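Have a look at the structure below, then the notes.
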Amino acid sequence: MSYSPRLRTALVLTGTGSAGAYHAGVLKALTEAGVKIDLLGGRGIGAAGAVLAAVDAGGRLWEPDGLWEPLRGVSKLYRWRRMWRVAGWALLLAFGALALPVALLLLGALLYPVALVLQILHLDGNGVVARWFVELLATSFRRDVFVTYIPRLAVLSLLAALLCLAVEWLYAQLGRHRRRSRGEPWWLALGAPLDASQALARVVASFWQFVRGAAPVVQPGRRDISRRYAELLLENLGQPGSRELIITCHDLDTHRDLVFGLLQDPHRRRFFRGAESGLAGRAGELIDLAGIGRDHVFDAVGGALVVPMIAEPHLLTFATESVWRGESHRLADRPGGLVRLLEEVSAAGTEQVILVSATPPLERPHALASRRVHPRAWAGEYLASVEAAAVRDATTALFDRFLALFHIQPAHNPLGPFDFGGVYDERSDRRHTLHELMQRGYEDAYRQFIVPVVGNTQELRAELWKLGREK
């Protein structure tokens, strides 16, 4: 496939969780090499990279104090929700209290032979070690400890968990900014296990730090900051560093994908033309971030960051003058939504696409690894598998929609979507980190696209130089 900087070019970022670090490395390389990008598209964690890079704030992704800096709390992205953490620790404490006497008995049974060997070797002639174990067991099985304190500690732990459940249930019933929910009280209190709100908060904070600079200005609310973002991008479209934007997520209430776009004329007029045909057409799916939807920029990001089924949906309240008349809908990501995103990117007039995904290509035989036993690892394994299949489907089904489609992906990526603290890789017998994944994205961008595609001929280099002179 041939590449031309004169064609309308889109950079599409797709993935979940830790894939954002790979996106950051690729964005750094493309920015450094001066590759021309007209439009940014994103789904999942790719929406975070797209929304920042569109306003020339991509540095907030890879800089030392950026979004993907491990020391700045990136491990808290998609952490267990407070209720699940409290209930888990309370149950663990209750079980530990009840199992303490048995555990001490087993410990004594294991260590008593050691004390006996010490006596035989005359290393503990007075039997101090043996007496210490006997006294410890006797204390543990005393009536006041065994019958009174241990059961009380277990019951108090369970009561603490029940109290937290009651508080969460009450908050769910009285919360002003949440839709009413029906179901068993314990499920209403527990909700989904993972929290995606921290991921959205970090993206919003990264944009606000870029805007305010060194000024000590208090960060406004999400609706206000979304409006400021839309105004900033609209004012700078057409200027170096600013790009058009398309983000997709899924509306759980309408069973449709939502497409948020901020485009420049004439592409904007053509793209949103079908939205005039009512709910039967695209009016219920397209949201113009340059118009009535300018308050929903970070709602779009919030919906894209929600991992379906294991994280609470993001709630978007539409404007009363919109087709949904002020309703509040639940948004989440759709891991297989890459095909839809590329379709919308094509509808926005894109002629060539640079697709970035952190999923490696198909593996060869005899490359299996041990199965990781952890709930988040299970969910991450499924998400990575679905996204790899979605990349294959998208590149196969839409290969003729564009004049050229370039794919940047790692040859090997052991990090799952939720492995923010790094992971041990059996195949290389060492630990892989998030910083290494970012560096791999930077290298892959040069190795797979910038050097072999952009800089492979003198003609293309001359064309890029001429284009820079014209600007």
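The values are calculated or read from the model by the stated rules, or taken from the named source; none is laboratory data. No experiment lies behind these values; they were computed from the predicted model shown. Methodologically, a virtual Cβ is constructed for each residue, glycine included, from the backbone with ideal geometry; neighbour enumeration extends over all protein chains shown. Heavy atoms of the whole protein, side chains included, go into the accessibility calculation; ligands, DNA and RNA do not. Shrake-Rupley method; radii C 1.70, N 1.55, O 1.52, S 1.80 Å.
Given +1 at the Cβ of Lys and Arg, -1 at the Cβ of Asp and Glu and no other charges, the dipole of region 209-325 around its Cα centre is 240 debye to the nearest 20. Selection among 233, 411, 120 by position relative to the dipole of the chain gives 120 as farthest towards the positive end (Cβ unit charges, Cα centre). Within region 321-425, the ratio Rg/Rh, alpha carbon atoms throughout and Rh by Kirkwood, equals 1.06.
Run the accessible area of the chain with a 1.4 Å probe and give the carbon-and-sulfur part as a rounded percent. Spell out each step's value before the answer.
Details: 14240 of 24150 Å².
Carbon and sulfur: 59 percent of the exposed surface of the chain.
Computed with every protein chain present, the accessible area of residue 224 is close to 70 Å² [probe 1.4 Å].
Against the criterion of solvent-accessible heavy-atom surface with a 1.4 angstrom probe, 356, 155 sort, most first, into 155, 356. Each other residue within a Cβ distance under 15 Å of residue 430 adds +1 if Lys or Arg and -1 if Asp or Glu, for a net charge of -2. Taking the average, over residues, of other Cβ atoms within 10 Å as the packing measure, peptides 24-37, 49-62, 206-219, 321-334 rank 49-62, 24-37, 321-334, 206-219 from highest down.
About the Cα centre, and with charges only on the beta carbon of Lys, Arg (+1) and Asp, Glu (-1), how big is the dipole of the chain? Nearest 20 debye, please. It would help to have the intermediate numbers written out before the result.
Numbers: 54 positive and 47 negative charges, 135 e Å.
For the chain, the charge dipole is close to 640 debye.
Taking all protein chains together and a 1.4 Å probe, the residues 320, 396 rank 320, 396 from largest to smallest accessible area.
A convex hull fitted around the alpha carbon atoms of the chain yields 210 Å³ per residue.
Working note: 222 nm ellipticity from helices only, DSSP H runs with n ≥ 4, each -39,500 (n - 2.57), summed and divided by the residues of the chain, gives -14500 deg cm²/dmol to the nearest 500. Counting only complete DSSP H runs, which helices of the chain cover 15 Å or more along their long axis at the Cα atoms and score a mean Kyte-Doolittle of -0.5 or above? Going by DSSP H runs, the hits are 19-33, 82-120, 128-140, 150-174, 197-212, 375-397. The residues 424, 78, sorted by heavy-atom accessible surface at 1.4 Å with ligands and nucleic acids left out, run 424, 78 from largest to smallest.
Average accessible surface for the chain: 51 Å² per residue, computed with a 1.4 Å probe over protein heavy atoms with every protein chain in place.
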